[in-house]
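A short write-up of the structure that comes next.
Values in this text are rule-based calculations from the coordinates and carry no lab data. All of these numbers come straight from a predicted model, not from anything done at the bench. Glycine gets a Cβ as well: all are built from the backbone with ideal geometry, and neighbour counts include every protein chain shown.
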Ligand SMILES: *Cc1c(COP(=O)(O)O)cnc(C)c1O
């Protein structure tokens with residue numbers, strides 16, 4: 001058995017930072033990331049033979065927990081028949097039918113292989129639909145790593161203290177308008193000045209890549225009114241919330257009438273699947289029906305489709321969304337008294353929860369709704385908490401700006417175990 005330390009040294013020789021996605025390298029909390037060997041239910045086992053109760057859930061997709069029987073079986077069965085055809089397969093239609101039935105926004109969907117592809121394709125479609133080039137996003141919202149979106153985007157970048165990435169042409173980022181969340185005046189002002197140039201507004205349904213920053217209903221109403229008035233598309237990025245917060249995602253839960261919607265994470269059941277969808281009149285513009293080109297060698301492959309279908313079917317059969325809300329409430333009940341203790345010790349931590357998604361905001365008495373109000377001092381405290389929690393056998397994402405995810409494999413006794421670990425780890429953050 002090799003230690004994670006040895007394995008990580010080996011990995012850094014052949015991969016930048018030793019990882020395939022930057023935040024996994026533990027740069028913001030320090031230390032060496034454990035190498036995972038296996039996962040079952042809500043627990044993972046490392047190559048060193050340690051076990052952790054896992055609140056990362058592969059950063060959102062694993063709503064049923066690790067290696068759930070229906071998904072593993074469906075993937076095994078599909079793999080035996082062939083992993084990819086580059087031709088239509090029935091599972092594609094079945095998953096598309098399921099998504100279109102549940103989503104209040106999607107009359108039609110196009111499958112891609114990641115959330116990043118979904119948002120970049122949706123942007124191309126919006127630009128074609130409006131004949132306009134510029135668009136708007138919000139500070140702290142993450143929409144994947146395509147060039148136009150890497151302007152003030154999400155935890156990975158905030159953690160590194162960068163507002164943007166090297167290698168993005170200025171001509172590209174000049175077309176991206178960035179506004180603060182939770183600010184109606186900024187929204188109205190931008191539309192008054194640039195309304196006729198905006199192809200679309202992209203927004204995370206419940207911003208969850210830089211803390212958890214749900215927006216007020218009045219803010220949503222203004223956003224919908226302004227986009228409609230100025231002929232800009234409203235594109236709601238549900239890559240995290242799609243089929244997690246409610247059967248029809250956030251748009252169904254909050255009654256948001258979006259033009260386009262993007263999905264990922266949960267719809268692939270742990271395999272690489274993304275999708276964008278929307279009103280028929282927009283989706284009819286996508287190639288080969290229309291002139292907006294977008295393609296993919298492995299898009300709609302039978303493995304990803306099988307995993308997604310098995311996941312959504314299980315969620316529907318088990319009326320999972322009610323159970324996830326119950327689990328969320330049970331978790332909250334266990335955590336709030338612990339945060340009260342920190343408050344009384346003069347080391348406040350604010351709490352935010354949306355169903356099965358939660359976030360602890362260190363050094364804040366009240367949970368903020370915009371990126372600029374997240375205290376940067378909290379990151380240091382988070383680092384101490386993170387390592388203390390790992391020693392207690394509980395794993396959360398290695399960044400103060402990341403949320404935690406509950407999943408359906410968790411029971412109340414798992415939550416008891418996790419709460420006991422939090423009770424020991426939280427005071428060590430002071
Ligand atoms: C994860 C995420 C993406 C990007 O998805 P990938 O599959 O990582 O490319 C886009 N938008 C949101 C809201 C996300 O959380």
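By the count of neighbouring beta-carbon atoms within 10 Å, fewest first, 143, 387 end up ordered 387, 143. Placing R0 at 30 angstrom, the Cβ-Cβ distance between residue 101 and residue 332 gives a FRET efficiency of 0.45 after rounding to 0.05. Prolate is the label for the stretch 69-317. Its Cα gyration tensor axes, ordered a ≥ b ≥ c, give a/c of at least 1.5 and a/b above b/c.
Antiparallel DSSP bridges in the stretch 69-317: what percent, to the nearest 5? Please report the intermediate quantities before stating the final value.
Details: 10 of 26 bridges.
So the antiparallel bridges in the stretch 69-317 amount to around 40 percent.
DSSP finds beta bridges in the chain, and of those with both partners inside it, around 60 percent are antiparallel. Springs between alpha-carbon pairs under 10 angstrom, Gaussian network model over the chain: which of 17, 65, 355 fluctuates most? The residue with the greatest mean-square fluctuation here is 17. In plain terms, the residue of 361, 210 with the fewest other Cβ atoms within 10 Å comes first and the most crowded comes last, giving 361, 210. Sorted on the mean count of surrounding Cβ atoms within 10 Å across their residues, most packed first, peptides 83-90, 31-38 read 31-38, 83-90.
Using a ≥ b ≥ c from the Cα gyration tensor of the stretch 297-381 (square roots of the eigenvalues), is it rounded, prolate or oblate, where a/c under 1.5 gives rounded and otherwise the larger of a/b and b/c decides, a/b for prolate?
Oblate, since a/c reaches 1.5 and b/c is not below a/b.
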